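A.B. asks: One structure, pasted below without further comment.
Bear in mind these aren't lab numbers, they're just calculated from the coordinates by the rules spelled out. All values reported here derive from a predicted model rather than from experimental measurement. Counting neighbours? That spans all protein chains shown, and the Cβs are built from the backbone with ideal geometry, glycine included.
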Amino acid sequence: MTADATECRLAREMFEADTASRALGIAILDLSPGHAVVSMVVGETMVNGHGITHGGFVFVLADTAFAMACNGYDEPAVAARADIRFLTSTRLGDTLVAEATERARFGRNGIYDVTVRRGGEIVAEFRGDSRTVARTRAEGIADSAVRVSQS
C-alpha cells in the first residue's frame, strides 16, 4: 500500500472488519483517498454451473474497491447505488484486479468508477454512487446507513 499509516484509517479499519471480503481472499494492493486497487483469485466455490466465475463475486470485488476508495477520506460512506457491466467471463484460478477511481465528490455524494481486469483485459466496469453518513464512536456505520435510507 502506498499511503502512510495515518491515511485512510477508516477504510483500513473497515477492511479489517470485513469478514466477507477477507474470506474471499480479497487483498488491498493500493489505497489513497478516492482511489483503491484490490485483487482476488477466483476460487473453486466462486464458479457457477457454466464453469465461469459467478458474477456476484466479480461484483463483490468491485464493490470492495469502491468501498475502500470512498471511505479513504475518513468520513463514513455507504453505497447509494451501484451497477456493473460484464464484458467477458473469467474462470477458476484467474487473478482479478479491481481499480476504483473517484469521478466526482460533492456535498455528501460521490461517484466512483471501478474497472475489473484479468491481466491487461477488462472484464467488467462498475459505477457506484456513495453517500457519507454521520457516525459517533458508539454506533457503527450500519446504524447510520439505516437512518440515511429512511430519510
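A.B. asks: Please identify every one of the trypsin sites (Lys or Arg not before Pro) in segment 96-134 that sits in a loop by DSSP and has no more than 16 other beta carbons within 10 Å of its own beta carbon.
C.D. replies: When the trypsin sites (Lys or Arg not before Pro) of segment 96-134 are filtered for loop state and at most 16 Cβ neighbours within 10 Å, Arg108 remain.
A.B. asks: Of the labelled options [x] 182; [y] 100; [z] 116, which one gives volume of the Cα convex hull per residue in Å³ as computed for this structure?
C.D. replies: So the structure-derived entry is [z].
A.B. asks: A further question on this structure: Are there any helices in the chain, counted as whole DSSP H runs, that stretch 15 Å or more along their axis by Cα and score at least -1.0 on average by Kyte-Doolittle, and if so which?
C.D. replies: The qualifying helices are 55-70.
A.B. asks: First select every other residue whose beta carbon is under 15 angstrom from the beta carbon of Val42; then total the charges, Lys and Arg +1, Asp and Glu -1.
C.D. replies: In short, 0.
A.B. asks: While we're here: Pick from Thr64, Thr53, Thr88: which residue has the top mean-square fluctuation in a GNM of the chain where Cα pairs under 10 Å get a spring?
C.D. replies: Of Thr64, Thr53, Thr88, the Gaussian network model singles out Thr88 as fluctuating most.
A.B. asks: Set the Förster radius R0 to 25 Å, insert the Cβ-Cβ distance between Glu16 and Thr45 as r into 1/(1 + (r/R0)^6), and round the FRET efficiency to 0.05.
C.D. replies: Efficiency computed from Cβ-Cβ geometry: 0.65.
A.B. asks: Quote the FRET efficiency, to the nearest 0.05, computed for Asn109 versus Asp83 with a Förster distance R0 of 22 Å and r equal to the Cβ-Cβ distance.
C.D. replies: Efficiency at R0 = 22 Å is approximately 0.85.
A.B. asks: Of Ile52, Ile84, Ile28, which has the largest mean-square fluctuation in a 10 Å C-alpha GNM of the chain?
C.D. replies: Of Ile52, Ile84, Ile28, the Gaussian network model singles out Ile52 as fluctuating most.
A.B. asks: Placing unit charges on C-beta atoms (Lys and Arg positive, Asp and Glu negative, everything else neutral), compute the dipole magnitude of segment 9-150 about its Cα centre in debye, rounded to 20.
C.D. replies: With Lys and Arg at +1 and Asp and Glu at -1, about 260 debye.
A.B. asks: In nanometres, what is the gap between the two model label sites at Ile122 and Ala27, each 7 Å from Cα along Cα-to-Cβ?
C.D. replies: 2.6 nm
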